[in-house]
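Notes for the one structure printed next.
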Amino acid sequence: MSKNLTSRADDYSKWYNELVVKADLAENSAVRGCMVIKPYGYAIWEKMQAELDRMFKETGHQNAYFPLFVPKSLFEAEEKNAEGFAKECAVVTHYRLQNDPDNPGKLRVDPEAKLEEELVVRPTSEAIIWSTYKGWIQSYRDLPILINQWANVVRWEMRTRLFLRTAEFLWQEGHTAHETRQEALAEAQLMNQVYADFAENFMAIPVIQGVKTESERFAGAEETYCIEALMQDGKALQAGTSHFLGQNFAKAFDVKFTNNEGKLDFVWATSWGVSTRLVGALIMTHSDDKGLVLPPNLAPIQVVIVPIHKTDEQLEHIGEVVKNLMSDLRSKAISCKYDDRTTQRPGAKFAQYELQGVPLRIAIGPKDLENKTVELARRDTLSKENTALEGLADKIDVLLKEIQETLFKKALDFRNSHITKVDNFEEFKSVLNTKTGFISAHWDGSAETEDKIKELTKATIRCVPLDQEKEAGTCVFTGKPSSGRVLFAKAY
């Protein structure tokens, strides 16, 4: 299977597109720009969802659900937000179809069924949620509100790519309301840290935490915190964002509360989200020319067991041993699969699970039963070893942790070796076109300079790192004074 994959060196984009389809993660649908997430791809998303949901609840958040449709008048209430998303909105204008009198057997939109007010299919839910919060909040005693929503959104993209950019995608969006500016800022920073912890501890992806420039900020936010990751082709990917919304939405929807001094004030807000784009990040960070490489903490199947046999009797004996092994593995919360299909040869099974990135593969045949051993193969290093059946579950438990750490370290080493300091624009362009990765450079702080660099190089400021060192310097483009370096990169 993997022999048919285009290599990353030949065409990284084509390699990615082929891998998503051949590994049975997703495919394009009958709806332009929308994808079908297949069971194996959805299983990865479910693992992500479960871990994130646990982390959200541990930080005091609750799940709720809000409507898919947003009345246009509500959507346009916060002007910057409406303007920022206007070009990506799908809009419902009618509520009924009818038989087409000019085309028997066909339907048309009923011209008499026009909605009194158009409905926007949510590209994000601030408008509908803050119009709801107005009825929930009267006093400081009603605060904070810490709500998360698992949902789908629609942003009408013209150039789409499975998982990375589709017209409809799955995500979670947190929307919180607070009594003070300090509380809301702390919430936005906390959730950005949650995303960073998830990316590094579960996805095995090192990320840089930072804030977006004003030009790259979420529409309607006063500050946008982010986590930025680096893919194997040297392009950056925004893996998550957390927004401090100030009082903008509270003012737009007149959400006031009586504080503990008896005075009326506007509520302070945050919103934050990650999406199925994370599946794309997972693929592009770790996978190779043979297929997916999945970190054990998010692999739907952590261990697959393949029997090697010629007779039904041999298969039966192997099955008895495997039953006990799987019981031991499951007692350690290790997900495993026994592939005893007789319709596929072992070689085809090996190729399938290599393509699908299963971290560990066990092969066991009659001779292994005699020797009380198995063949154990690692997906990350492609190494194999014969090892004893006794104590195998304990060994696998340790190995899975080792694989998780190895993948993170490999990605971290790659990321760190692709952060390059430059001090002039010629060097900037050279690094961007040859080495790629993050470029650490001084910037004069102006949107004009940021736009000009983007126009000339297609590189954007990914973030101002939270751990930015104060360092006097001159802007890489204009030569004007700068107080610190920011990170530029080409990005998805």
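The values are calculated or read from the model by the stated rules, or taken from the named source; none is laboratory data. A quick note: this is a predicted structure, and the numbers were derived from the prediction, not measured. As a convention, Cβ positions derive from the backbone with ideal geometry for all residues, glycine included, and neighbour counts pool all protein chains shown. Just so you know, the surface numbers come from the protein's heavy atoms only, side chains and all, with ligands and any DNA or RNA stripped out. Shrake-Rupley method; radii C 1.70, N 1.55, O 1.52, S 1.80 Å.
Do you know which of the residues in segment 95-139 that are surrounded by fewer than 11 Cβ atoms within 10 Å (Cβ to Cβ) and of a type in the set (G, A, S) is nearest to the chain's Cα centre (by Cα)?
G135
What pairs come out if I take residues in segment 96-118 that are basic (K, R) and pair them with residues that are open to solvent by less than 80 Å² (accessible area, probe 1.4 Å) whose C-beta lies under 7 Å away, six or more apart or interchain?
R96/D110; R96/A113; K106/D100; R108/Q98; R108/D100; K114/T93; K114/H94
Taking V153, is it under 22 Å from the mean Cα position of the chain (by Cα) and crowded, with 17+ Cβ neighbours inside 10 Å?
Taking the combined requirement at face value, the residue satisfies it.
I'd like to know if segment 242-261 contains one or more residues that are outside any helix (DSSP H, G or I), within 24 Å of V207 (Cα to Cα) and either in contact with a Pro (Cβ under 9 Å, 6 or more places away or on another chain) or open to solvent by 10 Å² or more (accessible area, probe 1.4 Å) (or both).
yes
Can you say whether N297 is closer than 28 Å to V21 by Cα, open to solvent by 10 Å² or more (accessible area, probe 1.4 Å), outside any strand (DSSP E or B) and in contact (Cβ under 8 Å) with a residue 40 or more places away in the chain, as far as the supplied structure shows?
Considered against the rule, which asks whether it is closer than 28 Å to V21 by Cα, open to solvent by 10 Å² or more (accessible area, probe 1.4 Å), outside any strand (DSSP E or B) and in contact (Cβ under 8 Å) with a residue 40 or more places away in the chain, N297 comes out as yes.
Mind listing just one residue for me: the one in segment 456-492 that is of a type in the set (G, A, S) and part of a loop (DSSP other than H, G, I, E, B) and, of those, surrounded by the most Cβ atoms within 10 Å (Cβ to Cβ)?
A459
Among the residues of segment 302-340, write down those that are surrounded by fewer than 20 Cβ atoms within 10 Å (Cβ to Cβ), within 25 Å of the chain's Cα centre (by Cα) and in contact (Cβ under 8 Å) with a residue 24 or more places away in the chain.
I334, S335
Could you list, in sequence order, all residues of segment 83-121 that are within 30 Å of T176 (Cβ to Cβ) and touching a strand residue (DSSP E or B) at 6+ places or on another chain (Cβ under 9 Å)?
Answer for segment 83-121, where residues must be within 30 Å of T176 (Cβ to Cβ) and touching a strand residue (DSSP E or B) at 6+ places or on another chain (Cβ under 9 Å): F85, E88, C89, A90, V91, V92, E117, E118, L119, V120, V121.
Which fully enclosed helices (runs of 4 or more DSSP H) of segment 1-85 have 3 or more residues being within 25 Å of A239 (Cα to Cα) and more than 20 Å from the chain's Cα centre (by Cα)?
Fully inside segment 1-85 and qualifying: 79-85.
Conditions first: (1) under 18 Å from the mean Cα position of the chain (by Cα); (2) surrounded by fewer than 21 Cβ atoms within 10 Å (Cβ to Cβ). T180 passes all but one, so which condition is the exception?
Here T180 clears every test but (1).
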